[in-house]
Each structure stands twice: as C-alpha cells, then as structure tokens.
1. Grab the strands (runs of 3 or more DSSP E) fully contained in the range 171-275, keeping just those with 1 or more residues being over 17 Å from I478 (Cα atoms).
2. Within the range 64-84, restricting attention to residues that are of a type outside the set (D, E) and farther than 15 Å from H163 by Cβ, which residue is farthest from the chain's Cα centre (by Cα)?
3. Only one of G337, G264 is surrounded by fewer than 19 Cβ atoms within 10 Å (Cβ to Cβ) and assigned by TED's automatic domain parsing to the domain that holds A591. Can you tell me which?
4. Kindly indicate whether L379 is in a helix (DSSP H, G or I) and either buried (at least 21 other Cβ atoms within 10 Å of the Cβ) or modelled with pLDDT under 95 (or both).
5. Tally the residues that are over 25 Å from L160 (Cβ atoms) and at pLDDT 80 or above, restricting the search to the range 119-147.
6. In the range 340-351, what residues are more than 14 Å from I399 (Cα to Cα) and either not in a loop (DSSP other than H, G, I, E, B) or not assigned by TED's automatic domain parsing to the domain that holds L501 (or both)?
7. Those residues that are on the phi > 0 side of the Ramachandran plot and surrounded by 18 or more Cβ atoms within 10 Å (Cβ to Cβ), I need them from the range 471-490; list them, please.
8. Do the conditions hold for V271, that is, is it surrounded by 23 or more Cβ atoms within 10 Å (Cβ to Cβ) and either touching a Phe, Trp or Tyr at 6+ places or on another chain (Cβ under 7 Å) or not charged (D, E, K, R) (or both)?
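The values are calculated or read from the model by the stated rules, or taken from the named source; none is laboratory data. Predicted model only: the values in this text are computed from it and were never measured. Methodologically, a virtual Cβ is constructed for each residue, glycine included, from the backbone with ideal geometry; neighbour enumeration extends over all protein chains shown.
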Amino acid sequence: MKRSPKDTALSVTRISRRGLVLGAAQMGFIGLLGLRMRHLQVEEADQFRLLAEENRVNVRLIPPSRGQIFDRNGIPIAVNAPAYRIVLVREDAGDIEETFAQLATLIDFDDSDVARAKAEMKRSPPFLPVTIADQVSWAEVSRVAVNAPSLPGVTPEVGLSRHYLSGSDFAHVVGYVGPVSERDLARYEEPDQVLRIPRFQIGKIGVEAKLEEELRGKAGAKRVEVNAVGRVMRELDRREGEAGADIQLSVDHKLQNYVQARLGSESASCVVIDCDTGDVLASASSPSFDPNLFVRGISVKDYALLRDNDHRPLASKTVQDAYPPGSTFKIVTALAGLEAGVISPNDTVYCPGHMTVSGRRFHCWKRVGHGSMDLNTSLRESCDVYYYDLALKVGIERIAEMAHKLGLGARTGVPMSAETEGIIPTKEWKRVNRGQEWVVGDTVNVSIGQGLVLTSPLQLALMTARVATGRSVTPRLIRSLDGVMQPDGAGEDLGIAPENLRQVRRAMFNVSNHRRGTAYRSRIENDAMRMAGKTGTAQVRSKVVRNEDVPWNERDHALFVNFAPHDTPRIAVSIVVEHGGGGSATAAPIARDITLQALYGGTPPLDAYPAADRARIEKQQEELRQRITPNEASTESDRA
C-alpha cells in the first residue's frame, strides 16, 4: 500500500528525532570518557608515574660506618677493618655441588659452612648473592679471583667488620659486636630498618652495647633499577649514610695492658681511678678473652672453653661481681664513728683476740689479740675487735649512711654491662629482702666487711678516691663523644670533717709504711710516691680452716685498696683476687706494682721498691715484658 506524503513526513520526523537522541547519547558518553581519560592522564599522572617507578626502581639501605673507639691518648682500640668474603649467585652458578667442590680446593671452609650456605639459598631468590665463606684471607680472595672463569656465579667481595686491636685487654670494657639476632630486635619497639640488613653488626656487651645508637650512625640509601623478577640491572643514584660517633675512653691502653699482664692467670680484677677527674684509667678482669672471636659468631667449641672455665673469663668482675669487702670496709666504720662523735682518734679498746656479743664469740684474725688499740693502730694492724666494739656504739644505720656517702651500695652508671648495685644492709633492707629481723651480730659482721655487705671493685676504688680527696668523685669512662668532651667526675665536697679524713688517711699511710702495718712488705720506697692503703681478707666460708687445706674455690678472697701519692693523691686503686688468700700477701704486692706503673707512666725504676725485693722485681719486669701484647696501632706508631 502506498504511503501518503503525510505518513512519510511523520516517519522522517520520528527517525530524525531518534537519531538526534542517539547521537547526543553517544556524544555524552564520548565526553565522559574524555573527561575520565583527562583525569587519569593529567590530574593523576604523578600518582601513576610513582606506581610505575616503584615497580622498576627499588630503594636499598647502605650500612653506615660504625664509630671507632680510642683510648685517652688517641690510640685506636676498636676499628672497622676490611673483611673479605666469597659470595655465590645460585642462578649463575650452574651445578652447585660442582661449584662447592671447586671452591674447597681454593679456600678453607667446612661442612657446616656448606650446610649454612645451602639453607640460605633455599630461603633466598636465585638471583640474590649468598655468603659462602666469611673473613677469608687476601690469599684466598686472590685464588678465587684468578680462577673466576671456571667459577660462574662466584664473586669475592669486600666490606667492613669490627676489629679489636688490643685483643683481650679491653674485652670487658669495650665489649664486642655480633650479627643482629631476634633477641636484639625484640629490645626495640620499632627497630631501625638497618638492623635487618643481612649480617649487620650490633653491640652485644660493654661500651659497644651501651652506646650502640651513637656508634651505629645512620644508614644511607641507593636507588637501583630492577627487572620484572627483581634482579638489579643498574644503580641510579645513592646517598651515603652518616658515620657513627667516634668515642674516646678515659682508659690508658698501656696501663690497661700492664694491669692485665700483672694479674696474670689469677681470677682477679683491678680498677685505677684518677683522683682529680674521676677518669677510669684501667678496669681489668682476669682472665680475659679475645672479643674478635665473637664478631662473626663464636664457635661452639671456643665458647664452651670460656663458659666452662672456673675462673670465669666472660665475667666483667670489676662491675658485675660483688664481694665481701673484708677489712677494707673498716675505713667506712671508722669514719662513721668519727663523724658521729662516738669515738676520738685516741680512744682505745683492748683486744684479747675475741669479743663476746649476745652469747656469741667473735674472733679477731690475730687469735692472741692485739692488746690496746686506738684508731690509728687498729687500721694499721687491722684489729677486728676494735671495730666490733665501734660498730655497737655507732649502729648500722650510721655505718650504712657513711658507706653510701663513699659510693658503696649504688650503681655508678658507667657504660659497662651488668653493673651490680652491691649491698649495704640496714634493718629495713633485711626485713624486706630476707624476711628476717636484724640482730646485733649482723652489725658486728658488717663492721669488718663480712656478713651481708657486698661491694664491687669499682665501688671500692671510688670509696678510696673519695677518702683521698674529700670530694664526691664519680667515675668517668667516656672522655669524649664525637669530639665533645664529657663532664668530668671531680665532684663536690663530701661534707665529712677534714680532720676525720686526715686521721683515716694517716692510718692508711701507716698500713703501707709502718713496720707493723699489714702491707709494709709492699711499700713504695720513693718518698714522693708513697701510698696509703688498706688490706682486706674476705671469708667465703664460715668454718675457720687454713686456705692451703681447702680447694681453691673455698679459699678467702684477697683485697687491697690504696691511693698515691699519699700527700697529693693522683690515683686510687682497688684490687680483688678471688680465693687469693690474704690481702697483704697476695693483693697488696700486685696493687703496689700497678700503682707505680701508673705514677711513672711506664716501668718504674728498681729503687722505688724495697732493696730486698729488687732482684725479684727485675726478673718479674722482664717476664711481664715478654707476656705483654701491645696494641697493634701503637706498635705501628712506635715503628714509624
């Protein structure tokens, strides 16, 4: 049927309208798509560019150079030395077993190294290098480099590792570093990312641990381009890290070296303090150990030898161990009595060899008794009965107060590991810590440094320095940090009457210089350097038996404290010889030799010793010269 012109016109109108609507919709969609493309390509361009860059560019940390440690004269003690290692990239190596077999002919590594390397390979992507051998020699590096064409995937590398130039001399002071462990990471709420770098070293004990954050420095970073599987293609740029702070100790490495040698094979400890500044000039524990063994992880065999040694070479005895101070504590009891006004220097007590208190007999070390004793003679000859009587007059509270004033019973704060607080007991202390009431016998025992009282060798040296100067000297171990001098420990006036201090110093002088003094045999003959001291013998068992009749570990401890020169004190010394017997026979001679070495700044002349001892001392000095192992850096300096 033929359409009418009217129907045709209406149909055309409808089609045109639909075309316009469809065209408008299409144009609207294209407009929206254009706007979205503009948003993504222009407004969000930086964001997507960053995402793309992160897919092909990685940022990797660069370990900082650890700060070095020096002695008071600038001699390096702990340095960063080149360390060579052999690494292997598994995907480049081909036959792993064949590669290990070839390496075994060139370098020295055992089955445990192979097992460790294979285990690390399984955990790591095939393109990452794995350390096969660490701390290898230059000769081994050279052999691997020469044979490189036949060792695909094997590469020698060089890095920095800690090295302790003085060997065992500073082991207990400086400590050592080692690989970061999970236990190390657990100490931090938010660990520094640099600690997660494989084989990164962190301080474990001593100054290395206490000043870890200052020594560590800040990590650098480098940007590297990687491919789709994460393999490094090239380095784009780098920002070097900030090296750790250098530290200068107060310790004199030559004196420290001598002290370690003089202590020899004894289980002993010694502290030397500068009376003017509080500087710790020497802090030695014997026997010691080589901290270099721990840097890359000590072997089970080597660690067992140290752990099972009954002389405890791993213990930092100068600060970590606490001992009964024995008769060295009589200095405290004497000053407490003088300050309380309950005695005068001329008051006397008769010593028949014992004293009965509350039905219990307390003996003097001299069983036949000393006779009539005053303050001077009681310290000079170390009469126990005099101090039993004095303690009952002055009381434990005032004795404890004086002990604290002289630096006992509190941590000094030196940056060394596991410093003990010691014990200065009181009635309240015993009630809280032992659940027992104080008895009068406790006061009697404490008066001569026995019973509940315990002190460290560092505290005893501090006590001696304070008696010598009348000031609240505090020990300083860190002399400067990153070139900035640290406050000294000269201290303020103790508030003890000068006359009372003079009386005690006079008695201590007679200990070493009067014919009846307990340390007279260990005197110094040079009038300008004569020392004032106090012997001590601390019992480790209640039953009275001769030391030679019991095993070594049941014998008495030998102690000696002194300062010198007596009229213008420069140094204070304390020494404890574990199970060494009598302080006068064992500890005093060692302390005298160390005192002279410190005052002279080297080997003292023979005329500083009593004439009868000079032949023996000359032989001893020669033996010590043979045993002393100098610091590597100072040896090179001397040669130059």
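1. On the way: elements: 176-179, 201-205, 220-226, 232-239, 247-249, 268-274.
Result: 176-179, 201-205, 220-226, 232-239, 268-274.
2. Filtering the range 64-84 down to residues of a type outside the set (D, E) leaves 64-70, 72-84.
Of the ones still in play, those that are also farther than 15 Å from H163 by Cβ are 64, 72-74.
Details: P64: 22, R72: 16, N73: 19, G74: 19 Å.
In this case the residue turns out to be P64.
3. Details: G337 fails: surrounded by fewer than 19 Cβ atoms within 10 Å (Cβ to Cβ).
After ruling out the rest, the residue left standing is G264.
4. Working: in a helix (DSSP H, G or I): yes; either buried (at least 21 other Cβ atoms within 10 Å of the Cβ) or modelled with pLDDT under 95 (or both): yes.
Here the answer is yes, as L379 does meet what is asked.
5. 1
6. First pass over the range 340-351, keeping only residues more than 14 Å from I399 (Cα to Cα): 344-351.
Once the filter is applied, which keeps residues that are more than 14 Å from I399 (Cα to Cα) and either not in a loop (DSSP other than H, G, I, E, B) or not assigned by TED's automatic domain parsing to the domain that holds L501 (or both), the range 340-351 yields V349, Y350, C351.
7. Initially, the range 471-490 is screened for residues on the phi > 0 side of the Ramachandran plot, giving 482-483.
Once the filter is applied, which keeps residues that are on the phi > 0 side of the Ramachandran plot and surrounded by 18 or more Cβ atoms within 10 Å (Cβ to Cβ), the range 471-490 yields nothing.
8. Details: surrounded by 23 or more Cβ atoms within 10 Å (Cβ to Cβ): yes; either touching a Phe, Trp or Tyr at 6+ places or on another chain (Cβ under 7 Å) or not charged (D, E, K, R) (or both): yes.
Yes: the conditions hold for V271.
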